[in-house]
1. For Cα pairs less than 8 Å apart in space and 6+ apart in sequence, what is the mean separation divided by the residue count of the chain, i.e. the relative contact order in percent?
2. Remind me, what semi-axes does the chain give for its equivalent ellipsoid, largest first in whole Å, using sqrt of 5 times each Cα gyration tensor eigenvalue?
3. Just to be sure I follow the definition: excluding the sites themselves, where is the longest run in the chain that has none of the trypsin sites (Lys or Arg not before Pro) in a DSSP loop with at most 14 other Cβ atoms within 10 Å?
4. Just to check I understand the Karplus step: with θ = phi - 60° and J = 6.51 cos²θ - 1.76 cosθ + 1.60, what whole-Hz values come out for region 79-87, glycine and proline as x?
5. What percent of all Cα-Cα pairs in region 163-249 falls into each 10 Å bin, going from 0 up to the bin containing the maximum distance?
6. Tell me which residues come under 5 Å, amide H to amide H, from residue 64 once H is placed; ignore anything under 5 positions away on its chain.
7. Binning every alpha carbon pair distance of region 113-205 at 10 Å from zero, what are the percents per bin?
8. Please give me the summed charge of the neighbours of residue 75: other residues whose Cβ is under 12 Å from its Cβ, Lys and Arg +1, Asp and Glu -1.
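The values are calculated or read from the model by the stated rules, or taken from the named source; none is laboratory data. Note that this is a predicted model, so its numbers are computed, not measured. Note that each Cβ is placed from the backbone with ideal geometry, even for glycine, and that neighbours are counted across all protein chains shown. Surface accessibility is based on the protein's heavy atoms, side chains included, excluding ligands, DNA and RNA. Shrake-Rupley method; radii C 1.70, N 1.55, O 1.52, S 1.80 Å.
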Amino acid sequence: MPKHYDKLLARLQKQPLSQNEFLSLLSEATGLFGDTESELEIIKGSGIPLHFAHDKVYYRPNLTPIESETFCIVDIETNGHNPQIHSPIEIGAVKFSNGKIIDSFESLIFCEEIPEYITQITGINAPMLVDAPKIPKVLESFKLFLGDSIFVAHNVNFDYNFLSHSLYRYGFGYLYNTRLCTIKLAQKTLQAPRYSLGFLNEFLGINNQNLHRALQDSKTALEVFKICLTNLPTNLYTSKDLLEFIKKEPSLCQKNKRQNSLKQDS
C-alpha cells in the first residue's frame with residue numbers, strides 16, 4: 001500500500017494541526033501538479049479518522065473516549081489467500097459504539113469458482129453465489145459502511161490488506177482506516193493457551209455456532225473484543241491509549257505466564 005499520507009498522519013498523531021499546516025502537508029502529498037482541494041475531499045473519504053474544529057485538524061482517536069469510539073469489527077471469507085489472484089466471497093461486519101451494536105453489514109459476493117477446500121471450511125459453494133451481487137457493488141457498499149471507523153478483526157492484517165487491495169483493484173482506493181487486532185488485544189488482556197477465534201469462542205464461553213461465515217465470525221470477534229475491554233488497565237481513556245497499549249511489548253511476567261500456559265497445553 002502506498003504511504004501517501006504517512007507524513008501527515010505522523011504529525012497529526014502527535015498533535016493537532018492548524019488548517020493551514022494541514023493543507024500545506026496535504027499539498028506535499030499531492031505533488032507538484034496535484035489539486036489540494038480535490039485531495040482534501042479524497043482524504044476525508046479515505047477512512048482516516050479526522051476531526052475538523054476551530055480552524056484545526058485533529059486525529060480523532062486522540063480525542064475520543066474508548067466507549068464513544070466507533071469500531072467496525074470485520075470478517076471476510078475468500079476463495080484463496082492471495083489478494084493478487086483471489087477475491088472475497090463474503091463480507092460481514094458489525095459497528096460497535098457505546099456498548100452496543102449500532103449497525104451491521106453482510107453480503108455474499110458473486111464468484112464462479114470456489115475451491116473444494118474453501119467449501120469444506122466455509123460451507124460456501126458456487127451455486128450459492130450465482131445470484132449474489134458483483135464485487136464492485138459490494139466493495140463500494142462496504143467502504144461506505146466502514147466510513148472512518150476503526151477497522152477491527154481477528155488477525156486484522158489479513159482482512160484489512162485483502163480488502164484494501166480489492167478496493168484498489170476495483171477503483172475505490174486503498175484503505176487508510178486505523179486498524180486494531182483482537183488477537184493482539186487478547187494476548188495483552190487474557191490468559192489463554194491459544195488465541196484463535198475458534199478456541200476463544202469456546203474458552204471464553206461465547207459459544208457462537210456456524211463459525212467460518214463472515215458475519216458470525218465478526219460477531220464472535222466482537223464478543224472477544226468486549227471481554228478484552230473489561231480487562232483493560234484503568235489508566236486507558238482514549239482510543240489512542242488503547243491502540244498504543246496494544247503496540248507495547250508484554251511485560252516479562254506476562255511473557256513467562258504465556259510460555260507456561262503454552263507448555264501446559266502442549
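1. Working: 398 pairs, mean separation 53.0, N = 266.
This gives 20 percent for the chain.
2. Listed largest to smallest, the semi-axes of the chain are 31, 27, 15 Å.
3. Working: sites that count: 3, 134, 194, 248.
Looking at the chain, 4-133 is the longest stretch - no exposed trypsin sites (Lys or Arg not before Pro) with at most 14 other Cβ atoms within 10 Å.
4. Those phi angles translate into 8, x, 9, 10, x, 5, 10, 10, 9 Hz.
5. Result, from short to long distances: 15, 39, 32, 13, 1 percent.
6. 239, 240
7. P(r) for region 113-205, in whole percents per bin: 14, 32, 36, 18, 1.
8. Details: positive: 213, 219; negative: 77, 90, 106, 159, 217.
Value of the local net charge: -3.
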